[in-house]
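The values are calculated or read from the model by the stated rules, or taken from the named source; none is laboratory data. Only a predicted model underlies this, so the values are computations on that prediction, with no experimental measurement involved. Here the Cβ is made from the backbone with ideal geometry for all residues, glycine too, and neighbour counts use every protein chain on show. To get the accessible areas, we keep the full protein, side chains included, count just its heavy atoms, and leave off ligands, DNA and RNA. Shrake-Rupley method; radii C 1.70, N 1.55, O 1.52, S 1.80 Å.
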Amino acid sequence: MVIKEKLRVLVEMEPKRMIMYPLIVFALAVVVIIGNYALTGSLVKEGIELKGGSVITLQGVSADPDELAKEISRLGVEANVERFTGIAGGGGIRIYVPAGEDVNKVKAFLREKFPGVEPEITVIGPTFGKMVREQGIKAIAYAFIGMAIVVFLFFRVPVPSLTVVFSAFSDMVIAIALMDLFGIELSQATIAALLMLIGYSVDSNILLTTRLLRRKEFTVEDAYYSSLKTGFTMSTTTLGALVSLWLFSTAKVIDDIASVLIFGLLADFMNTWIFNAGVLRMYIAKREGKKK
Amino acid sequence: MNWKKIILNGRVILLILFLTLSVVSLATRGLTFGLDISGGISITVKLENPVDPQTMEQVRIALEQRLNALGVKDIVIEPWGNQFVLVKVAGVSEEEGNQIVETIERQGVFYAEFQGVIFATGKDILNVGSVSYDPREGAWVVPFRLSKDAAEKFAKLALGKAGYPVDMFLDPPVNSTLVVSKEFYQAMLSPRFQMNGNMTLIERISKAFNIKVIQYSNQTPEEIAKVAKGSERIILVDVDGKLAEELKKMGLKVEVRKREKNEDIEDFVRRVLRLYGPYRVSEGLATGRPSTEVMISIGGSQNDIRARNDAQVVSVVLRSGSLPVKLSIERIDYISPKLGENFKKQVLVAGIAALLVVGAIVYLHYRKLKIAIPVMFTSFSEVLIILGIASLIKWNLDLPSIAGIIAAIGTGVDQQIVITDELLGESGERKIVRRSGVLKRMGRAFFIILASASTTVVAMSFLFKFFVGGLRGFAFTTILGILIGILITRPAYGEIAKELIGGRR
């Protein structure tokens, strides 16, 4: 394939530059996250599930979000209204009511304004949100440590293992920065997606590391190029599946998981096939230099 | 290409076996969908502090007893760890959902009534002992202590009335008019509810709670409204639904109770009235001497689980349906059943689209149907087996579970590509001729697959262990999918691919 031939560019690139570019992206992502923290006081925008509050979803309703928000504010409730659409028809509006406001008032108002529309309502208490956040952080931290241990057990060499762990970390950081930029909130669903990202990220990194370290019959460049092609196939199929998921569903849970995974996979392509590959090529060159 | 060799391979046979089992299970048992797909309400209730399993069981019974009042079908109460309880009800309307929430939040109101006189309410029950089996009585007993006032009141009422019925109620439908079917009416008059007393159950509840009971015999809504004047609400029991609409149109508050399939008519009466008992007054209590230490006994052997459960329920009711710990509602998810249908369709479309897109991309990469079709087939089998197992263990498929299936398929396809590429080798530049070469390559592919599968399983296990919410479904199906992948489908794909790609070299 033509695109695959283009991947040759990477093979010819100098390992030092292969390491530098992804590190720059990583640094930019860190800047975005810190910037977000400075502006909003949190690393990533937290959704209703973590902060507490209510979401009312009305499917199949088309209304001007701003207009509706204004009408609701006349009830004395400050709500956020947003519109969503799905490719297979459908779409509607979501109304976010912060914790402590009177949801029942909003519900009654909406029932009157859109009679016959079946709502979907989620109400979450603030303490519950706090617990979900704690659990989320705990789950991510433990999963990360667990992953690192498994990776070390499999490879038993420090430099390549550390690189795998770092690129998984960088994937997550970049995904979070993109969540900040695209306004995707941290929720149970996106926490799950971040966890899933650990799995995907390790997948491709292990493939690359195994192929480069264990394939002794070919040159490093050959081995790299062939794994790069495999990796490219892997990433495109997964991205294809995720994009179709994202396009066809209007369920927020699925949309959110799909978009975070898409961010992460894009980051992962760079971190595995450019950054990790660069480190490995330098590592192998050094090792083989020693042998001589 | 040697089809026979493919089909007769042990790993392929295993795959076919699992596929058959899954299809059979799906066809006979079907899938159970989560509330976020099928519609309904799910309420996460938090207890004030962590409790032991015994207390948790009391909480469960108390919630169950209270919610039964609503006559809503299929209420599932699931304790979650030691501090949370999930209450799930499928297919309810928004209004019913609100009623459920209110009921959980509200304290139950307990009444003990004798001869149409309420002699004790919840605050007169000072202490409820634990349920135990009394071999002398040959019954399960619930001892409790009455307040002095209530004991004296009862002693006076019950003088010389041994064998009369004592009724206990939790949240009875006070100030209401019951329009009931003939069968229901007859049941209310049955000796089981009257015992040796001289008042019928209908008379007792009318006197104590101002509950009017009318037998329905095609009266017009106007006639019923006239009788029901002064009642707070009308409850239609086993009466056709059209009447409810008409009465509602007249601005009356109407509730409907339906007898459940296989429900005993007497149990139905108890459920509608929220009646427990009646219990027979023993000789000792009819002497006119007040006694504060009393007990309710429920006949049955020591191994009689039903009798024991009934006793448990009584003990909970005596505590006014109040819970051993304070609880708060932490999360409510409501989704209308109609919307759920829509989601099911969407998820199906998205799933099929994802599968086709994957197939198309794989084809674009290799330009060989020989690869694209087995890859798609393997992914499809994976979905089928995950669903098969889900239906076998009656796992509730909710949206996160479905996302998990998709995630598992995503990694699955990745791994099949690893196998394919290992087998294809250096894109034809150097052909692998020796069979040992193929085996070595397969070995390496499976090393990669095993390493990445174990990391994902480890990561997901934490999610499964630490989350209270619905994300366990995501973790569960992901782990299930990965396990099915490395144990069943991936080895089979390896064999098929070896024949189709590797074997020919």
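Annotations for the structure displayed:
- Were the residues from residue A:282 through residue A:4 laid out at 0.36 nm apart, the gain over their Cα-Cα distance would be 97.7 nm.
- When only alpha carbons are used to place a centre, the range A:118-174 and the range B:223-264 end up 54 Å from one another.
- Paired Rg and Dmax values of chain B, which use every Cα atom, in angstrom: 31.5, 106
- Each Lys or Arg adds one and each Asp or Glu subtracts one; over the other residues with Cβ under 12 Å from the Cβ of residue B:38, this totals -1.
- The calculated pair-distance distribution of the range B:1-156 uses every alpha carbon pair, bins of 10 angstrom beginning at 0, and gives 8, 21, 23, 19, 12, 8, 5, 2, 1, 0 percent.
- Vicinal HN-Hα couplings computed from phi for the range A:240-250 (Karplus, 6.51 cos²θ - 1.76 cosθ + 1.60; Hz; Gly/Pro x): x, 4, 5, 5, 5, 4, 5, 5, 8, 9, 10
- Histogrammed with a bin width of 10 Å, the alpha carbon distances of the range A:154-279 distribute as 13, 43, 29, 13, 3 percent, first bin at zero.
- Amide H contacts of residue B:33 (H built 1.01 Å from N, under 5 Å, at least 5 apart or other chain): B:397
- Across the range A:201-213, computed HN-Hα scalar couplings (Karplus, 6.51 cos²θ - 1.76 cosθ + 1.60, θ = phi - 60°) run 4, 5, 3, 5, 5, 5, 4, 4, 4, 4, 4, 6, 7 Hz from first to last residue, x flagging Gly and Pro.
- Solvent-free Debye scattering, log10 I(q)/I(0), computed from the Cα coordinates of the range A:67-136 at q = 0.16, 0.24, 0.25 Å⁻¹: -0.68, -1.13, -1.18
- Here the extension length gained between residue B:200 and residue B:328 equals 42.1 nm, from 0.36 nm per residue of separation less the Cα-Cα distance.
- Mean projected area of the convex hull spanned by the Cα atoms of the range B:139-203, taken over all viewing directions: 6.5 nm².
- For peptides B:173-181, B:220-228, sequence by mean Cβ density within 10 Å, most packed first: B:173-181, B:220-228
- 5 Å-binned pair-distance histogram of the range A:111-182 (Cα, whole percent): 3, 12, 12, 14, 14, 11, 10, 7, 6, 4, 3, 2, 1, 0
- Heavy-atom accessible surface that A and B bury in contact, both chains counted, 1.4 Å, Å² to 100: 6200 Å²
- Highest-fluctuation residue, A:51, A:130, A:105 considered, GNM on chain A with Cα pairs under 10 Å: A:105
- Prolate/oblate/rounded call for the range B:236-277, Cα gyration tensor, a/c under 1.5 rounded: oblate
- Residue A:34-residue B:13 pseudo-label distance in nm [points 7 Å out on the Cα-to-Cβ vector]: 6.3 nm
- Of the cross-linked pairs A:113/B:249; A:45/B:345; B:4/B:368; A:4/B:368; B:258/B:394, those separated by over 25 Å at the C-alpha level are A:45/B:345; B:258/B:394.
- Each other residue within a Cβ distance under 14 Å of residue B:478 adds +1 if Lys or Arg and -1 if Asp or Glu, for a net charge of -2.
- One quarter of the surface of the convex hull around the alpha-carbon atoms of the range A:182-254 equals 5.9 nm², the direction-averaged projected area.
- A probe of 1.4 angstrom, applied to the heavy atoms of all protein chains, finds residue B:411 with accessible area near 10 square angstrom.
- Square roots of 5 times each gyration tensor eigenvalue, C-alpha, chain A, largest first, Å: 45, 20, 15
- Rg then Dmax, both in Å and based on the Cα atoms of the range B:75-126: 16.1, 45.
- Prolate/oblate/rounded label for the range B:104-154 (Cα gyration tensor, a/c 1.5): oblate
- Rg over Rh for the range B:7-98 works out to 1.21, using Cα positions for both radii and the Kirkwood form for Rh.
- Relative contact order computed over chain B (Cα-Cα under 8 Å; 6+ residues apart), in percent: 23 percent
- Quotient of the Cα radius of gyration of the range B:170-224 and 2.2 N^0.38 Å, N being its number of residues: 1.20.
- Here's how it looks for residue B:296: its modeled amide H is under 5 Å from those of B:142, B:144, which are all 5 or more places away or on a different chain.
- Accessible surface computed residue by residue for the protein assembly as shown, with neighbouring protein chains in place and a 1.4 Å probe, gives 44 Å² per residue.
- Sequence-distant residues sharing a close amide H with residue B:161 (under 5 Å, placed H): none
- Among the listed pairs A:70/B:253; A:252/B:46; B:465/B:498, those beyond 28 Å (Cα-Cα): A:70/B:253; B:465/B:498
- Site pair residue B:229 and residue B:256 shows an inter-label distance of 2.8 nm when each label is modelled 7 Å from Cα along Cα→Cβ.
- Proximal lysines to residue A:290, defined as alpha-carbon separation beneath 26 angstrom and excluding residues fewer than eight positions away on the same chain: A:16, A:216
- Taking the convex hull of Cα positions in the range B:341-421, its mean projected area over all directions (nm²): 5.4 nm²
- Whole-percent carbon and sulfur share, accessible surface of the protein assembly as shown, 1.4 Å: 58 percent
- Helix axis angle, A:103-113 relative to chain A longest principal axis, alpha carbon, degrees: 70 degrees
- Summarising the label geometry, the points placed 7 Å from Cα in the beta-carbon direction at residue B:23 and residue A:105 lie 5.9 nm from one another.
- Contact order, relative form, for the range B:138-232: 33 percent (alpha carbon pairs under 8 Å, 6 or more residues apart, mean separation divided by residue count).
- Charge tally for residue B:65 (other residues, Cβ to Cβ under 14 Å; Lys, Arg +1; Asp, Glu -1): +2.
- Table column - 3J(HN,Hα) (Hz), the range B:211-227, Karplus curve with 6.51, -1.76, 1.60, x for Gly and Pro: 9, 9, 10, 10, 7, 7, 9, 6, 5, 6, x, 4, 4, 5, 4, 5, 5
- Gyration tensor (alpha-carbon) shape descriptor, the range A:1-107, a/c threshold 1.5: oblate
- What the Cβ-Cβ distance of residue B:245 and residue A:113 gives, at R0 = 22 Å and to the nearest 0.05, is a FRET efficiency of 0.35.
- Relative to the dominant Cα principal axis of chain B, helix B:435-466 is inclined by about 20°.
- Among A:11, A:202, A:159, the largest mean-square fluctuation in a Gaussian network model of chain A (Cα springs under 10 Å) belongs to A:159.
- Across the alpha-carbon set of the protein assembly as shown, the Rg to Rh ratio works out to 1.08, Rh being the Kirkwood radius.
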